[in-house]
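First up is the structure itself, then whatever we jot down about it.
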Amino acid sequence: MTKRRLLVVDAPGGPRPEQYLRSLCEEFSVTVVWLAVEAPADRDRRRAAVSLAPTAIAVENPLDLAGEVRRAADTHEPDGMLALSERVVHVAQLAAHERGLPANRPETLQALQDKRIQREQLAKAGLAVPEPWVLRTERDCAAAATAAAFPAVLKPSVGMGSIATYLISSPEELLATWRSAMGIVAADDRIAHHSPVLLLEELLPGMDPVDEPRLGDYVSVEVLVTGDGPNILAVSDKLPLSPPFRENAHFLPSVRPPGVLAPITDCVLAAHEALGITHGVTHTEVKLTPAGPAIIEVNGRVGGGVTEELRLAANYDLPLQLARTAVRLPADTRPAFQRYAAFLTPQPPHGHHVVRRSPTTAELRAAFPALDEIVHVTAAGRITDSAVGTAGNLVKAFAAASAHEDLVDLAERITGPEYFRLEEISAGDKEKNT
């Protein structure tokens, strides 16, 4: 039987190609277009991984990506297109839509990428969402400082990984923080090409989880959308955030009771309908408030770590199932969970710190047998900066266990003083050391 043709668009920020390409190449005739934008060692590893496909096309300038994807589609005539990284998923789906392949409509993709547009559409559908002020200029900041409710959250309208996201406690903090956040956004090559717009949103009140007191007051919901509609794959529990809004860990499947989960998933499915989502994988963050679940944001891509967690907890190959959907084949939409999995991204304290002591991967593996993979450990001598968001983690790792509580224990202990020692420094000292 002739294999169906699949065009894969790969980039940093999503599941690594060495984790997902092998099963795709076994089932499909695969062509890869990939962003070669990492540091040399990481770029060489990605190059080696994508070489598993018969054809792999490197793109060094992100602004050239859309054109290269279209050229590859014209040459190879794929039956479907797949992208997993947030940096490229919208480019791939726009190209697929132009060719009549399974994809979301351009207006849906725009709403999935731009929080300002998304808020408008969800509010119009009657869903609970934070009400934003759009801050393009200092004059906008002055108006918001006078009329907005505080405390509030400042974030980019188009962002990734909680970058440049701040808690604004009072009007007096707004202008200086806005200037700082605009500078961070303008310097980040993942999002700088978008028109820099920041949103100031009301801080949604959270409620204490009564079922698991160590969990945070929000969850994420992972959905695979096929031709038959949206399918809930899992709900992910979270640890409380580190200031300002940095994720420390999440776990799936959720241990919250059905009575708590039902209104959450109902809310997420209503958001999918409101945004017109007809294809792909989504990662929706939901705040648990006294008034009920409220959408924080719907992302049109795989959640960070979710692919690996589903593999560990249910032996479920999410990229393969999404690829089947992309070429109009039936997909498995019901992971069979046998244990719990965690994605660990523990954060350094708020501000700037120098890492004085850091563990080896061997030390961490000896201390925590549940660790399946350690992707990164911040080395001694490095400077941490909370402004870079969740990507500034001390450790990036995956773990699995038969008991959810064991993973929560691990997440809380892995950056303890016996493993890490950090020393606070000033912003000026940071500049001297970088």
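Looking only at residues in segment 221-252 that are in contact with a helix residue (DSSP H, G or I) (Cβ under 8 Å, 6 or more places away or on another chain) and of a type in the set (S, T, N, Q), the one that is least open to solvent (accessible area, probe 1.4 Å) is SER236. For segment 123-144, the candidate set comprises residues that are touching a residue at least 12 places away in the same chain (Cβ under 8 Å) and farther than 10 Å from LEU200 by Cα; within that set, the residue that is surrounded by the fewest Cβ atoms within 10 Å (Cβ to Cβ) is LYS124. If you go through segment 1-26 and pick out every residue that is over 16 Å from PRO62 (Cα atoms), crowded, with 23+ Cβ neighbours inside 10 Å and in contact with a Ser or Thr (Cβ under 6 Å, 6 or more places away or on another chain), you end up with 1. Any residue in segment 27-43 that is out of contact with any helix residue (DSSP H, G or I) (no Cβ under 6 Å at 6 or more places or on another chain), of a type in the set (S, T, N, Q) and either exposed (fewer than 15 other Cβ atoms within 10 Å of the Cβ) or closer than 20 Å to GLY304 by Cα (or both)? Checked against the condition, which is being out of contact with any helix residue (DSSP H, G or I) (no Cβ under 6 Å at 6 or more places or on another chain), of a type in the set (S, T, N, Q) and either exposed (fewer than 15 other Cβ atoms within 10 Å of the Cβ) or closer than 20 Å to GLY304 by Cα (or both), segment 27-43 yields no hits at all.
Residues that are β-branched (Val, Ile, Thr) number at least 2 in the following strands (runs of 3 or more DSSP E) confined to segment 49-153: 55-59. In summary, strands (runs of 3 or more DSSP E) completely within segment 381-431 and bearing 3 or more residues that are under 24 Å from ALA367 (Cβ atoms), touching a strand residue (DSSP E or B) at 6+ places or on another chain (Cβ under 9 Å) and not β-branched (Val, Ile, Thr) occur at 395-401, 421-425.
Inside segment 323-334, can you point out the residues that are open to solvent by 20 Å² or more (accessible area, probe 1.4 Å) and either of a type in the set (Phe, Trp, Tyr) or not in a helix (DSSP H, G or I) (or both)? Hits for segment 323-334 are ARG328, LEU329, PRO330, ALA331, ASP332, THR333, ARG334. For segment 278-305, which residues satisfy the criterion of being of a type in the set (Gly, Ala, Ser) and surrounded by 22 or more Cβ atoms within 10 Å (Cβ to Cβ)? Within segment 278-305, GLY280, GLY300, GLY303, GLY304, GLY305 meet the criteria. Which of the following residues is modelled with pLDDT of 95 or more, over 24 Å from PRO213 (Cα atoms) and open to solvent by less than 60 Å² (accessible area, probe 1.4 Å): VAL408, VAL377? Exactly one residue qualifies, and that residue is VAL377.
Residues that are of a type outside the set (Ser, Thr, Tyr), open to solvent by 10 Å² or more (accessible area, probe 1.4 Å) and closer than 19 Å to LEU82 by Cα within segment 306-321 comprise GLU308, ARG311, ASP317, LEU320, GLN321, listed in sequence order.
Could you please let me know if VAL30 is among the β-branched types (Val, Ile, Thr) and outside any helix (DSSP H, G or I)?
Values: among the β-branched types (Val, Ile, Thr): yes; outside any helix (DSSP H, G or I): yes.
For VAL30, the condition - among the β-branched types (Val, Ile, Thr) and outside any helix (DSSP H, G or I) - is met.
Is it the case that segment 286-297 has a residue that's assigned to a loop (DSSP other than H, G, I, E, B) and more than 26 Å from GLU405 (Cβ to Cβ)?
yes
Taking residues in segment 78-105 that are under 12 Å from LEU7 (Cα atoms), and partners anywhere that are outside any strand (DSSP E or B) and of a type in the set (Asp, Glu), the pairs with Cβ atoms closer than 8 Å and at least 6 places apart or on different chains are LEU101/ASP79.
Need the failing condition index for LEU215 against (1) in contact with a His (Cβ under 6 Å, 6 or more places away or on another chain); (2) open to solvent by less than 10 Å² (accessible area, probe 1.4 Å); (3) under 27 Å from THR415 (Cα atoms), just the number. Here LEU215 meets the rest and fails (1).
Identify all residues within segment 61-97 that are of a type in the set (Gly, Ala, Ser) and open to solvent by less than 20 Å² (accessible area, probe 1.4 Å); write none if there are none. Selection gives ALA72, ALA73, GLY80, ALA83, SER85, ALA92, ALA95, ALA96.
Pairs are defined by a Cβ separation below 6 Å, a sequence spacing of at least 6 or placement on different chains, a first member in segment 402-421 that is farther than 16 Å from ASN248 by Cα, and a second member that is not in a loop (DSSP other than H, G, I, E, B); the pairs so defined are ARG421/ARG356; ARG421/ARG357. Answer with yes or no whether THR282 is part of a helix (DSSP H, G or I), at negative phi and of a type in the set (Ser, Thr, Tyr). No, not satisfied. What about ALA58, is it open to solvent by 20 Å² or more (accessible area, probe 1.4 Å) and more than 20 Å from the chain's Cα centre (by Cα)? When the stated conditions are applied, ALA58 passes them. Condition check: over 24 Å from THR226 (Cβ atoms), free of Cβ contacts under 8 Å to residues at least 12 places away in the same chain and under 25 Å from the mean Cα position of the chain (by Cα). Does PRO12 satisfy that? Criteria not met by PRO12. Each residue in segment 201-255 was checked for being assigned to a loop (DSSP other than H, G, I, E, B), farther than 20 Å from GLY305 by Cβ and of a type in the set (Val, Ile, Thr), and 1 of them qualify.
Is one or more of the residues making up segment 5-27 outside any helix (DSSP H, G or I), over 15 Å from PRO319 (Cβ atoms) and at pLDDT 95 or above? Checked segment 5-27: at least one residue is outside any helix (DSSP H, G or I), over 15 Å from PRO319 (Cβ atoms) and at pLDDT 95 or above.
The values are calculated or read from the model by the stated rules, or taken from the named source; none is laboratory data. Everything numeric in this text was worked out from a predicted model, so none of it was measured. Cβ coordinates were reconstructed from backbone atoms using ideal geometry, including for glycine residues, and neighbour counts include every protein chain displayed. Ligands, DNA and RNA are excluded from the accessible area calculation, which covers all protein heavy atoms including side chains. Shrake-Rupley method; radii C 1.70, N 1.55, O 1.52, S 1.80 Å.
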